[in-house]
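The values are calculated or read from the model by the stated rules, or taken from the named source; none is laboratory data. Bear in mind the structure is a predicted one, so any value in this text is a computation, not a measurement. Here the Cβ positions follow ideal geometry from the backbone for every residue, glycine too, while neighbour counts run over all protein chains shown. The protein model used for the area step is the full one, side chains on, heavy atoms only, and it has no ligands, DNA or RNA in it. Shrake-Rupley method; radii C 1.70, N 1.55, O 1.52, S 1.80 Å.
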Amino acid sequence: MFFLTTAIDYTNGAPHIGHAYEKVLADVLARWHRAQGTEVYFLTGVDQHGQKVQQSAEQQQISPQDFVDKITKYFVDLCAALDISNDGWAATTDQRHIACVQELLQRLYDEGQLYKKSYKGFYSIRQEQFLTDKERNDAGEFGEEWGEVIELEEENWYFKLSEQAEWLSGFLAANPAHVTPSNRQSDVVNAVAKAKDADLCISRPKQRLHWGIELPFDPDFVCYVWFDALLNYLSFSGYLSSQTSAKELPSFEQTWPQADAKTHSLHVIGKDILVPPHGVYWPCMLHAAGFQDDQIPPLLVHGWWNIKRGEQSEKMSKSLGNVVDPFQLIEQFGLDAVRYYLARDMVTGKDSDFDLERLTVLFNSELANDFGNLANRTLNMLKRFCQSTINWESGDDSLCEKLRQSLQTTVQSYDTAMQEYRLSDALVLLNEQVKHANRFIEEKAPWSLAKITDEPEKTAELARTLSHLAELLVHLAARYEPFLPQACAKLAAQLRIEKLPCIQTSSYQWGFLAQEHECGKPKPIFPRIQQESEEKTAD
Ligand code: MSP
């Protein structure tokens, strides 16, 4: 079993292309693991508590629950529009989650890992946390990112984070690949020093914030939104579910990594929420709750989609009015183009500038012209010259041999790229293979072979050539499928195959299409996107 999660999205606003990217990245990995025959549990969802939600609901004069229900719908719709294959849905106002969080809080309280104290300091309303001098900028002020900052004195509950810091340092040293990419692991290592000096405030007084999970041992307080949100990974993987009579949750023993090392896991998150929440608080919470080192899920940290203004990259934000709406994009360009662009034009871990022109160019060149054209030409010629029927005519054929070898090399490099989360590289490799196949068609010139009707060797070569191309399409479709599930389903239907082959390198085999297998009719799967310049010319 492979347990995969994304960060859960704040429900205080509609989703943007950054949220869409994270879902697509995780979905590609989930589908890739499934295509290798691995059982996957893929969890995503929404983070519904906290001050910002309470404030937004007050502004709209509706209840917080009505407010989050409304915003949650956008995220549910986004997953459907992106064809995300998640198995579980985490929503933090779900009673099953609340029960799990309360049970865990009670346990930590009973074990003496929580204590109450009074604290006076500066508090960021936007980030819902107390600030220390370390958060001041070079001018000695709290920067814009903290929003409104007020001075506050209040009693709260604290988690003994400092007691976990030494363990976390050792854990990171022993697991240098806990965070990918590795420079992000260094960020966590540096951040652990802060955890040594300060415990984590895990409550908010109800008089100030009522929209949260009540502390089971002190009803005047609710749980800090991050402490609650991080626990979604446990609650929705079935942890403590026997106590909550939870329905439809997976078996925790199957989802979460156990000592038998048969289950692997991965949390996919953006760079902004690594330090401190996922990098520091989360492993410490798990360790305090009794989890072993090999049960702490590794983290894949992706970069951000920004917007280019002149020569500068700027953050997408509502206030700057530069937010890219994923729904609009899908409507305009189609799902395949959006998924392809998001995976293809971002180096996992780095930031990228969102660029509509690149979306169009990449789709038109690599999908419409290269892959789409290869599929169309192959099935067309197979129909015209061989009645759509596979015929593995034998015979020495160096070009066919070269095509098979190059596919084998591509498949191996593709697997390595996918294992290392280099999605863009994996797509470049597939595109090179497609180009190789298009050159192979030019070299073989099946249309010329078809004209020679009185030489049986040429007729055999024609059949062999087109069978090689159809077989290649099967292997390509299986590897493009995690990225382009809908397009590859269409191609599989045109090839008349019920199920694409398993893509485990160890089970790689040439000859998936049986002798006399009959393929179907070709139909373009990637219609070109009209570019503005083309539209003008057409006018
Ligand atoms: N609710 C918290 C996460 C709690 S996880 C226990 C949160 N939500 S968020 O809506 O602000 O962000 C959700 C995810 O989207 C995060 O992983 C974040 O990094 C990612 N992105 C937000 N903006 C992004 C871009 N512009 N580009 C790429 N991903 C971005 O944080």
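Here are the numbers:
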{"quantity": "Filter result for Y233 (in a loop (DSSP other than H, G, I, E, B), closer than 18 Å to T44 by Cα and either within 16 Å of the ligand (Cβ to nearest atom) or open to solvent by less than 10 Å² (accessible area, probe 1.4 Å) (or both))", "calculated": "no"}
{"quantity": "Meets criteria (among the hydroxyl-bearing types (S, T, Y), over 18 Å from W282 (Cα atoms), within 15 Å of the ligand (Cβ to nearest atom) and modelled with pLDDT of 95 or more) for T11", "calculated": "yes"}
{"quantity": "Residue in the stretch 500-512 that is more than 22 Å from L335 (Cα to Cα) and buried (at least 21 other Cβ atoms within 10 Å of the Cβ) present", "calculated": "yes"}
{"quantity": "Any chance V222 is touching a Lys or Arg at 6+ places or on another chain (Cβ under 7 Å), of a type in the set (A, V, I, L, M), touching a residue at least 60 places away in the same chain (Cβ under 8 Å) and open to solvent by less than 20 Å² (accessible area, probe 1.4 Å)", "calculated": "yes"}
{"quantity": "Failed condition for N86, given (1) out of contact with any Asp or Glu (no Cβ under 7 Å at 6 or more places or on another chain); (2) over 30 Å from Q332 (Cα atoms); (3) assigned to a loop (DSSP other than H, G, I, E, B); (4) not small (G, A, S)", "calculated": "(2)"}
{"quantity": "Strands (runs of 3 or more DSSP E) within the stretch 260-369 that include 2 or more residues open to solvent by less than 60 Å² (accessible area, probe 1.4 Å)", "calculated": "264-270, 299-302, 305-309, 352-354"}
{"quantity": "Single condition E58 does not satisfy, out of (1) part of a helix (DSSP H, G or I); (2) in contact (Cβ under 8 Å) with a residue 40 or more places away in the chain; (3) among the acidic types (D, E); (4) open to solvent by 20 Å² or more (accessible area, probe 1.4 Å)", "calculated": "(2)"}
{"quantity": "Enumeration of residues in the stretch 440-487 that are of a type in the set (S, T, Y) and surrounded by fewer than 19 Cβ atoms within 10 Å (Cβ to Cβ)", "calculated": "S448, T453, T459"}
{"quantity": "Options P216, P283, P250, P298; residue that is in contact (Cβ under 8 Å) with a residue 12 or more places away in the chain, out of contact with any strand residue (DSSP E or B) (no Cβ under 7 Å at 6 or more places or on another chain) and more than 15 Å from the ligand (Cβ to nearest atom)", "calculated": "P216"}
{"quantity": "Some residue of the stretch 66-81 being part of a strand (DSSP E or B) and modelled with pLDDT of 95 or more", "calculated": "no"}
{"quantity": "Hits in the stretch 89-101 (condition: within 14 Å of Y239 (Cα to Cα), open to solvent by less than 30 Å² (accessible area, probe 1.4 Å) and either assigned to a strand (DSSP E or B) or polar (S, T, N, Q) (or both))", "calculated": "A90"}
{"quantity": "Criterion (out of contact with any Ser or Thr (no Cβ under 6 Å at 6 or more places or on another chain), open to solvent by 50 Å² or more (accessible area, probe 1.4 Å) and either hydroxyl-bearing (S, T, Y) or more than 24 Å from H278 (Cβ to Cβ) (or both)) met by exactly one of S85, S124, S118, S162", "calculated": "S118"}
{"quantity": "Qualifying residue in the stretch 481-491 (condition: assigned to a helix (DSSP H, G or I) and over 28 Å from the mean Cα position of the chain (by Cα))", "calculated": "no"}
